[in-house]
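Peer 1: This is the structure, below, for whatever I ask next.
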Amino acid sequence: MKLERFVSKHTEYSHKDARLLVASGRVTVDGQVCRDLKRDISQFQTVYLDTQPLQERQAYYLMLNKPPGFLSATSDPTHPTVMELMAPELRAHLHIGGRLDRASSGLLILTNDGLWSRKLTDPQRKSPKVYRVTTAYPVCPDTPDQFARGIELRPENLITSPAQLELLAPDQVRLTIYEGRYHQIKRMFAAVGNRVVGLHREQMGQIALDHALAPGESRPLTQSEIASVAIQG
């Protein structure tokens with residue numbers, strides 16, 4: 001809907017008066033004065049007339065069960081992206097909170113609330129992230145202790161925060177980390193002489209992947225899941 005019509009529809013003003021209001025700089029769109037009568041207004045934008053809200057931006061918080069083979073990106077000329085799994089009307093407005101590699105699967109959060117997603121991924125909050133990891137070789141008995149002490153990552157020469165490793169099968173573990181460094185999990189296992197062949201994220205903070213979601217399916221977060229990010233840390 002064009003801005004001129006939008007203002008008239010959401011106030012008592014006529015189209016003529018709405019044009020004057022816009023032209024005089026009394027209308028803001030997403031916090032910026034807008035004098036463009038023909039600007040398209042979507043449900044994802046906040047519109048004010050002076051201090052009167054005509055529309056508050058609708059916030060979206062979604063979890064996706066990401067399948068392998070999809071990039072955590074908004075667009076790519078070669079590979080399919082996770083945005084192609086979302087409703088077409090949402091794609092241009094969502095961003096990803098906490099990416100996964102193309103080969104990895106599991107919990108991915110998409111939202112249009114930038115402040116909320118920064119809290120979700122803020123490394124200072126030490127928010128737990130839980131992964132199911134499949135390795136190329138059986139996990140050595142001392143690996144849980146090594147991960148609990150921290151693993152040195154090169155070339156940064158830094159030690160990872162203590163991580164918890166639960167053995168599920170000889171070549172499969174559940175790993176909880178509190179950081180999100182570049183290819184961290186693959187590099188941690190490489191440092192102890194193993195190799196990751198499968199990575200599936202189960203949880204971020206207090207938000208756990210809904211087991212009812214098939215790969216490629218998504219659902220809105222519940223109010224308690226959304227609130228858990230605000231109160232955590």
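Peer 1: When the residues of segment 99-138 are narrowed to those that are under 17 Å from Glu84 (Cα atoms) and of a type in the set (Lys, Arg), which ends up modelled with the lowest pLDDT?
Peer 2: Arg99
Peer 1: Only one of Ile159, Ile185, Ile226 is under 27 Å from the mean Cα position of the chain (by Cα) and exposed (fewer than 12 other Cβ atoms within 10 Å of the Cβ). Can you tell me which?
Peer 2: Every option except Ile159 fails the conditions.
Peer 1: Provide a single number: the residues in segment 44-81 that are crowded, with 17+ Cβ neighbours inside 10 Å, in contact with a Pro (Cβ under 9 Å, 6 or more places away or on another chain) and either outside any loop (DSSP other than H, G, I, E, B) or of a type in the set (Ser, Thr, Tyr) (or both).
Peer 2: Final tally of qualifying residues: 8.
Peer 1: Among the residues of segment 19-42, are any touching a residue at least 12 places away in the same chain (Cβ under 8 Å), closer than 25 Å to Ser224 by Cα and either not assigned by TED's automatic domain parsing to the domain that holds Arg219 or not in a loop (DSSP other than H, G, I, E, B) (or both)?
Peer 2: Looking through segment 19-42, none of the residues is touching a residue at least 12 places away in the same chain (Cβ under 8 Å), closer than 25 Å to Ser224 by Cα and either not assigned by TED's automatic domain parsing to the domain that holds Arg219 or not in a loop (DSSP other than H, G, I, E, B) (or both).
Peer 1: With the structure loaded, tell me whether Ala87 is touching a residue at least 12 places away in the same chain (Cβ under 8 Å), among the hydrophobic types (A, V, I, L, M, F, W, C) and surrounded by fewer than 19 Cβ atoms within 10 Å (Cβ to Cβ) or whether it fails that test.
Peer 2: no
Peer 1: Being more than 27 Å from the chain's Cα centre (by Cα), surrounded by 11 or more Cβ atoms within 10 Å (Cβ to Cβ) and either not aliphatic (A, V, I, L, M) or not assigned by TED's automatic domain parsing to the domain that holds Gly180 (or both) is the filter here, so list the residues in segment 121-148 that pass it.
Peer 2: Of everything in segment 121-148, those that are more than 27 Å from the chain's Cα centre (by Cα), surrounded by 11 or more Cβ atoms within 10 Å (Cβ to Cβ) and either not aliphatic (A, V, I, L, M) or not assigned by TED's automatic domain parsing to the domain that holds Gly180 (or both) turn out to be Tyr137, Pro138, Cys140, Thr143, Pro144, Gln146.
Peer 1: Hey, another quick one. Return yes when Val82 is outside the structural domain of Pro220 (by TED's automatic domain parsing) and among the aliphatic types (A, V, I, L, M) and no when it is not.
Peer 2: no
Peer 1: Give me a count of the residues in segment 1-42 that are surrounded by 12 or more Cβ atoms within 10 Å (Cβ to Cβ) and among the polar types (S, T, N, Q).
Peer 2: 4
Peer 1: Let me ask you something else. Go over the candidates Leu153, Leu209 one by one and state the one that is modelled with pLDDT under 95, surrounded by 15 or more Cβ atoms within 10 Å (Cβ to Cβ) and hydrophobic (A, V, I, L, M, F, W, C).
Peer 2: Criteria check complete, one pass: Leu153.
Peer 1: Is it the case, given these coordinates, that Leu213 is under 18 Å from the mean Cα position of the chain (by Cα) and assigned by TED's automatic domain parsing to the domain that holds Leu115?
Peer 2: So Leu213 fits the description; yes.
The values are calculated or read from the model by the stated rules, or taken from the named source; none is laboratory data. On a predicted model such as this, the values are computed, not experimentally measured, just so you know. A quick note on method: Cβ atoms are made from the backbone with ideal geometry, for glycine too, and the neighbour counts reach across all protein chains shown.
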